[in-house]
Amino acid sequence: MCRIFDNNRGLSLIELVVTMVILSILASLILPSARMTSTRVKEIELKRTLRQIRTAIDDYKKIYDRGVEEKKIPVVINKSEGYPETLQLLVDGDDIKGYLGYKKKFLRRVPSDPFHPVQAGEPAWGVRSSTDEPDSTNSDGHDVFDVYSLSDRTAIDGTKYKDW
């Protein structure tokens, strides 16, 4: 009778070493790809979040401008008006100088920056006022015209997240 399987035979040391080397090579190929995928997902989230906040700011400005056109909001000369004073105002709601008659909310919450976790006492986002220079990093605090990430990290495409 011929025995196909030898029950007394186990794995040799060489077989175990070869298996470990193969697994190590596969792991070294997968880990960088997983990190890149994680970074790419965060970048997509950052772009979506910036678009969401900027759209809310633009919607606020459109309603303000419509109130000015209908002459229900007085025009102030030599002062840039029409942008929210803070990001939190977009969450809390505003009646836009009495024009709407109710507090309209533009955001449910101020979204977080995936590359810059908020520490106690720190702002969640960098803000620019309508009177600031386009690349300014210090706002005069007059209003919120634009937002940017406070992260100093570099994106996959080589740009800085704070420049998005």
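Only a single criterion out of (1) in contact (Cβ under 8 Å) with a residue 40 or more places away in the chain; (2) loosely packed, with under 13 Cβ neighbours inside 10 Å; (3) more than 16 Å from the chain's Cα centre (by Cα) is not satisfied by Gly101, namely (1).
Of everything in segment 125-164 that is touching a Pro at 6+ places or on another chain (Cβ under 8 Å) and among the hydrophobic types (A, V, I, L, M, F, W, C), the residue that is farthest from Phe106 (Cα to Cα) is Leu150. Across segment 35-91, the qualifying residues are those that are among the small types (Gly, Ala, Ser) and not in a helix (DSSP H, G or I), and the one among them that is surrounded by the fewest Cβ atoms within 10 Å (Cβ to Cβ) is Ser80. The residues listed here are Phe145, Phe115; of these, the one that is in contact with a strand residue (DSSP E or B) (Cβ under 6 Å, 6 or more places away or on another chain), closer than 29 Å to Ile44 by Cα and at pLDDT below 95 is Phe145. Close contacts from segment 104-126, counting a first residue that is under 19 Å from Asp58 (Cα atoms) and assigned to a loop (DSSP other than H, G, I, E, B) and a second that is hydroxyl-bearing (Ser, Thr, Tyr) and at pLDDT 95 or above, with Cβ to Cβ under 6 Å and a gap of 6+ residues or different chains, come to Phe106/Tyr60; Pro111/Thr49. Ile96 satisfies every condition listed in (1) touching a residue at least 12 places away in the same chain (Cβ under 8 Å); (2) under 21 Å from Tyr161 (Cα atoms); (3) out of contact with any strand residue (DSSP E or B) (no Cβ under 6 Å at 6 or more places or on another chain) except (2). Residue count for segment 52-91 satisfying the condition of being within 17 Å of Trp125 (Cα to Cα) and either touching a Lys or Arg at 6+ places or on another chain (Cβ under 7 Å) or among the β-branched types (Val, Ile, Thr) (or both): 6. Residue selection: Met20 fails the criterion of being surrounded by 10 or more Cβ atoms within 10 Å (Cβ to Cβ), in contact (Cβ under 8 Å) with a residue 40 or more places away in the chain and over 19 Å from Tyr148 (Cβ atoms).
The values are calculated or read from the model by the stated rules, or taken from the named source; none is laboratory data. The structure presented is a predicted model; accordingly, all values stated were derived computationally and were not measured. Here the Cβ is made from the backbone with ideal geometry for all residues, glycine too, and neighbour counts use every protein chain on show.
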